[in-house]
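Remarks on the structure that follows.
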2 protein chains.
Amino acid sequence: MKIKRIAFLVFPQMTFLDLVGAYDALRRIAMMGIDPEVTHRIIGTEAEVVDETGLTVKPDSVYEDLAPFDLLYVPGGIGTRKLMHDARLIAYLKTWPADKALASVCTGALLIGRAGYLEGRRATTHHRAYELLRPYCREVVTDQRIVDEGRVVTAGGVSSSLDLGLYLVERHWGAPAREQIAAQMEYRGYPVLPG
Amino acid sequence: MKIKRIAFLVFPQMTFLDLVGAYDALRRIAMMGIDPEVTHRIIGTEAEVVDETGLTVKPDSVYEDLAPFDLLYVPGGIGTRKLMHDARLIAYLKTWPADKALASVCTGALLIGRAGYLEGRRATTHHRAYELLRPYCREVVTDQRIVDEGRVVTAGGVSSSLDLGLYLVERHWGAPAREQIAAQMEYRGYPVLPG
């Protein structure tokens, strides 16, 4: 399935770089003319979302119906510790069809894990959250920055978001698109650095 | 001078990753207890700022007096092409004292260049903006990700913001602080990658 509509989730006490590292790469698909039809929406759990240290974002919508979207992107942050037990958010995430592309970075994995999308799958998260993630997946991967389990891709902590964004670009729009976008971003960490 | 108060400038059609790459590192100085007294403010040219592709931020203030701050951070983005000719913004930037720390990433260099801070200095910017920057500095540096000219530090395009943030952390709070923060961010591109 061609990805045309991307939903970025935002919520209180998120880590902003978890979002923006991948947002920067993915928004360039349309901006740089690689596929001008690709659009995105910033969807919040609230009308205004304040990150861990005060940066305030106004999402395009609140709990918008996810049906029209082709890729759902879930960032992390300390707010996940509370939201992983938030019935409304978890029910909302469960509306995401199992056959559509889903990506998390950092502790966003806790949210999609609680919603059941990592059952039977390998996954990764921020290195300080490995134990928290363990109950929700088949195996916590601790030595890869990106874990691709088909429809569900998880990435490690914070700055892994840049790698995840470029990985999704390459997977869905091809290596030349990824190279073009990484050059525009002046990003040199991809393909993923070892260690 | 010890840096205690950081001002992050935001403006229409900025590149969000230009801001957030360094914001993530610098906000951790306080968040991780390295110096709990360090604070920051997001200062806008407008009450709501929309980036190049629709992400909307509500700054803490609009054209707030810069006098109490110790470090001014200026991101880039396509909006700089218009704002570099905006009399109000350039006059505002000129209120920044020459002896205080000033940093730009990407085409943020065009703004601080127009305000006169790069006169007689070497500087860098996004690789597509070298020619635009040339009239405002002594030399455009094309082979360094970060150019440190004492009080004024400029960085290259977009993802250079992560390197700049960690560079400023190391310079003002020391290498152990930078290592601790880079580990928390799971960032492996610093010290700056060659090429």
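Computed from the coordinates by the stated procedures, all read-outs in this text should not be read as laboratory data. From a predicted model like this one, the values you see are computed outputs, not experimental measurements. Positions of Cβ are backbone-derived with ideal geometry, glycine not excepted, and every protein chain shown enters the neighbour counts.
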- So how many Lys-Lys pairs in the protein assembly as shown land under 13 Å Cα to Cα, not counting same-chain pairs under 8 apart? 5
- Task: Take A:2, B:58 and order them by how many other Cβ atoms sit within 10 Å, fewest up front.
- Result: A:2, B:58
- Query: How would you rank B:40, A:126, going from fewest to most other Cβ atoms within 10 Å of each one's own Cβ?
  - Reply: B:40, A:126
- Item | Hz values of 3J(HN,Hα) by residue in the stretch B:72-82 - Karplus curve (6.51, -1.76, 1.60), Gly and Pro given as x | 10, 10, 10, x, x, x, 4, x, 5, 4, 7
- Note on the structure: Once amide hydrogens are built 1.01 Å from N within the peptide plane, the residues lying 5 or more places from residue B:44 or on another chain with amide H under 5 Å from its amide H are B:10, B:60, B:61, B:62, B:63, B:64
- Given Cβ charges of +1 for Lys and Arg and -1 for Asp and Glu, the option among B:79, B:34, B:61 whose Cα lies farthest towards the positive end of the dipole of the stretch B:28-83 is B:79
- Sticking with the crude label model, points 7 Å out along Cα→Cβ, report the distance from residue A:138 to residue A:183 in nm, one decimal please. 3.9
- Task: Every other copy gets compared here: list the nm distances from the residue A:32 label point (7 Å along Cα to Cβ) to its counterparts, shortest first, one decimal.
- Result: 3.0
- Order of A:130, B:73 under a 10 Å beta carbon neighbour criterion, fewest first: A:130, B:73
- Query: With all pairs of different alpha carbon atoms counted, what Kirkwood hydrodynamic radius in Å does the stretch A:28-80 show?
  - Reply: 12.9
- Message: Using helices alone, I'd like the mean residue ellipticity at 222 nm for the protein assembly as shown: each DSSP H run of four-plus residues gives -39500 (n - 2.57), total over residue count, nearest 500.
- Response: -9000 deg cm²/dmol
- Note on the structure: Expressed as a whole number, the average count of other chain Cβ atoms within 10 Å around the Cβ atoms of A:49-56 is 6
- Message: Output wanted: per-residue J couplings in Hz (rounded whole) for the stretch A:13-21, from phi through Karplus 6.51 cos²θ - 1.76 cosθ + 1.60, θ = phi - 60°, x for Gly and Pro.
- Response: 6, 7, 9, 4, 5, 4, 7, 6, x
- Based on Cβ point charges of +1 for Lys and Arg and -1 for Asp and Glu, what charge dipole magnitude is obtained for the stretch B:21-138 about its Cα centre, in debye rounded to the nearest 20? 560
- Note on the structure: Scattering profile of chain A from the Debye formula, Cα beads only, expressed as log10 I(q)/I(0) at q = 0.09 Å⁻¹, is -0.28
- Query: How much of the DSSP beta bridge set in the protein assembly as shown is antiparallel, as a percent to the nearest 5?
  - Reply: 25
- Item | In sequence order, calculated HN-Hα J values of the stretch A:136-145 (Karplus, 6.51, -1.76, 1.60; Hz; x Gly/Pro) | 9, 9, 6, 8, 8, 8, 10, 10, 9, 6
- Item | Cα-centred dipole magnitude for the stretch B:48-93, charges only on beta-carbon of K, R (+1) and D, E (-1), debye, nearest 20 | 240
- Where the centre of each part is set by its Cα atoms, how far does the stretch A:116-195 sit from the stretch B:142-162, in angstrom? 27
- Message: So if I place +1 on the C-beta of Lys and Arg and -1 on the C-beta of Asp and Glu, and nothing else carries charge, what would the dipole magnitude of the stretch A:112-162 be about its Cα centre? I want it in debye, nearest 20.
- Response: 100
- Task: Identify, among B:185, B:112, B:98, the residue whose Cα sits farthest towards the positive end of the charge dipole of the protein assembly as shown, taking +1 on the Cβ of Lys and Arg and -1 on the Cβ of Asp and Glu, with the dipole about the Cα centre.
- Result: B:185
- Task: Using amide H atoms built 1.01 Å from N in the peptide plane, name the residues 5+ places from residue B:39, or on other chains, whose amide H lies under 5 Å from its own.
- Result: B:5, B:6
- One decimal, nm, nearest first: from residue B:82 to the same residue in each other copy, label points 7 Å out along Cα→Cβ, the values are 3.6
- Tell me the distances, shortest first, between residue A:94 and the same position across the other copies, using label points 7 Å along Cα→Cβ, in nm to one decimal. 6.2
